[in-house]
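Have a look at the structure below, then the notes.
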Amino acid sequence: MTDPREEVGARLQTDRPHSARVWNYLLGGKDNYPVDSEAGDVILTTFPEFAAV
């Protein structure tokens, strides 16, 4: 029988930003990857007023 945790780990993509992890970064959280913080920084550079949301 296959361990379901292995399947989830195989599907987890840490090389692409994910909206929930980007949001986590923007809120100052710790559950994100470098690619998510890079995407968040692009959002803040493009839309500086987004920081007020």
Subset of the range 10-32 (residues that are farther than 14 Å from I43 by Cβ and over 9 Å from the mean Cα position of the chain (by Cα)): A10, R11, L12, Q13, D15, G28, G29, K30
Test: residue in the range 17-40 that is modelled with pLDDT under 95, among the charged types (D, E, K, R) and part of a helix (DSSP H, G or I): no
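The values are calculated or read from the model by the stated rules, or taken from the named source; none is laboratory data. All figures in this text were calculated on a predicted structure; none of them were measured in a lab. Counting neighbours? That spans all protein chains shown, and the Cβs are built from the backbone with ideal geometry, glycine included.
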